[in-house]
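Reviewing the structure listed below.
Just so it is clear, none of the values below were taken in a lab; they were calculated from the coordinates. Given the structure is predicted, the values throughout are model-derived calculations rather than measurements. Note that each Cβ is placed from the backbone with ideal geometry, even for glycine, and that neighbours are counted across all protein chains shown.
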Amino acid sequence: MGTTWIALGSAGERWLPRSPVAITLAVVAGFALDMLINVVWSPTRDGLAGFAACFAVVVALQVAHSTREPRTWSWWARLLTLGAQAVATYLPLLWMGPWGGMAGFLAGSVLLTVPGPWRWALYLAVGASIPPLALAHGVPAVTAFWLAESTLLSGLIVYGVSSLAAMVTEAHAARGELARMAVVREQLRVAGNLRGLLDANLSAIARTIGRVSRLLPGHPDRAREEVGEALQTARQALADVRAAAWGYRRMSLSAEAETALSTLVSAGIDTRAVLPDGPLPGEADTVLAIVLREAVTNVLRHSDARSCRIEARAAAGAVLLSVVNDGVRGAAPGSGTALESLRLRVEAVDGTLSAVHEAGGRFLLTARVPLAVADDAPPSGQTSVQIAGTAPPRRPAAPPKPWAPRTAVVMTVVVLTAYAGVTMLFSVSEGLGGAGLAGAAVCFAVISALQLAHSSDLARRWPARTRALTLSVQAAATYLPLLWAGQRWGAMAGFLAGSILLWVPGPLRWALYAAVAASIAAATAAAGLAPISIVYAAVFTLLTGLVVYGITSLQALVFEIHAARGSLARMAVVRERLRVARDLHDLLGYNLSAITLKTELTYRLLPGSPERARAEAEESLDIARQALVDVGGAASGAHAMSLAAEGESSMSTLTSADIEATLDLACGPLPPYVETVLGIVLREATTNVLRHSKATRCVIEARADGGTVRLRVANDGVEPDTLPRPGGTGLPNLRTRVESLGGSLSAGPGEEGWFVVVVEVPGAA
């Protein structure tokens, strides 16, 4: 299971434990300690060695069943471990009688390991087996009843805590799966866009250059006409790639809609988007993109939506964006701080925003933003961007489960209600009636209501003053009945201890938690009970508080992870778009620049040097074919490059530009990803030589020394007006790639008008 810190509520106000496993182990350990005290309390002292062995087996198997997802085991492994736990549970009954309620662990393991409705029948059977065994050992009927109740309640708590911990782990894994699916959908979408953008141009270039090769050397004049056509197409393709790379970087309504599609469809929500035809003014585009992003977050966080429709249309000098989804849970999420901040952002550009919870569980978010320049407004009612996605089946291989928060709430309510009810029965089981019983019932109702409120997501939105008030009321309802109900009522104090752990900030909560247990121990001592009873009262209070805290914290973890899944998927898609932008610039930009350069050279060589022109045309054809392959690689990230091949390509390109080039690659074999990154660096460096210098010489060399690979590209002909612009994206993109390998990149002017790019990366990165 994962290990992470998650902050809830106000900053620094409440920290959940480091791992769901920690909560589970703490609860199991607490119950084990409680059971040990019961055994020590028992007058039976025979066979303690056998008891210790059985106790160790039961606890070890319970830890395994509670932390290792036993339903994923083979049937024989579950049968073996559950059988061993049953033997270790019932065997000591032969000489000790019903010992310490240890059968509660067995009841919990049955629920955790046995599939289907049979588990509940076996769970009840474990509880029903205790009274006959207790009666056979001379235990009073009332005590036998309480042993059965304790067995069933302990089993339910162990099952609840263990299941919620497993749900946290599953939800955490599911959000990673959601992000992966969103990235895959984004890759497919980008691949389609790139192929639509570049395939036709690159194929046309390849066909035209192929005709040029066939026309030479016999028909140089006709070949020159064909080269001119290819040159025009190459220039247009290069401009398209640069525009596309910029488009993948910037934030816009259309880009955000595409991201929303990937995120929502991957979450199992059927989605359709209809957007205006044509670009929006910058400010309106940005604000509407922000509105859409928050709307998608609300769809994922506050609903169990199965469908979502996104629509933007231009009318009367403004753009109206609406996002509607079904499956809203509870109250409309229109009054939260996020939507209020969004409303202020929209109103800052003289727009309006409304959020409406409609009948049938539909939620409608509408934003109206004026267009800054009327002429920039897209034609009213015209739509060219229509994005639709069909959600995968509701049961994919590893799906995010939208019902996880509901299940967590139901499990929390059931466990806490059962725990409180049984504790109440124990507290008033002897010598209480009339007005005393009525008063205890009122206090029980107050404690139960406040505990459910403290354990709900609602309490996270309360101000500190409200929580202080509710904790004070719960404390009064906890301690007041001690005046007439006696020390047995002290069992209810564990719920107060749990609420304190949940909502008192800082280390003070642990001091108050211990103080509650100490106060109950003092009340038990004042009643004149034995020391073992005093210890048991304190331990039971601490255990109950731990159970309340643990199960509520696990429920909160489920909510937090479920709510974060949309943000994670969106960030994954945004990272994917930035990667595509880098690859468009670094890979396809280089290829198209090389094609353009060589095509220009071919054009200049004709009709005078047909043989040399043919050689250049054939090299252009090879690059065009490689560019067609790189289109798919840019979308999927699956491209691989050879440093040696890139070196030869750079030499050919530089030589074609009449630059004297020297190549010396003496770095030996490298891991594929290291070689790919160095190849990309070499491509970009070569492009910079051609684009930003008046070079006559270029030196490319690579060396491996002491586990580090060093690539150096240096060229002359650098003047202040030809240096790469600081705002460019080429070198920052390369630095990002190199640093991902734990390496470094430096680039800048050298001596006597030279420009030097140096990359150092670990050879085994």
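What the table below lists for this structure:
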item	result
Linear extension gain, THR417 paired with ALA704, 0.36 nm per residue minus alpha-carbon span	96.5 nm
Segment 653-693 versus segment 294-323: alpha-carbon centroid distance in Å	47
Among beta bridges that DSSP assigns inside segment 642-765, antiparallel share in %, nearest 5	75
Simple spin-label estimate for PHE145 and VAL535 in nanometres, 7 Å along Cα-Cβ	3.0
Inter-centroid distance (Cα atoms) of segment 117-170 relative to segment 480-512, Å	25
Cα-based convex hull volume of segment 642-765 per residue, rounded to whole Å³	89
Rounded to whole Hz, the Karplus (6.51, -1.76, 1.60) HN-Hα couplings of segment 20-25, x for glycine and proline	x, 4, 4, 5, 4, 5
Stretch gain in nm, segment VAL410-TRP95, where the contour uses 0.36 nm per residue and the Cα spacing is subtracted	109.4 nm
Net length gained if the chain between TRP73 and GLU751 were fully extended (0.36 nm per residue, minus Cα distance)	237.3 nm
Sequence ranges 442-448, 346-352, 754-760, ranked by mean other-Cβ count within 10 angstrom, highest first	754-760, 442-448, 346-352
Table column - 3J(HN,Hα) (Hz), segment 60-70, Karplus curve with 6.51, -1.76, 1.60, x for Gly and Pro	4, 5, 5, 4, 5, 5, 8, 10, 10, 6, x
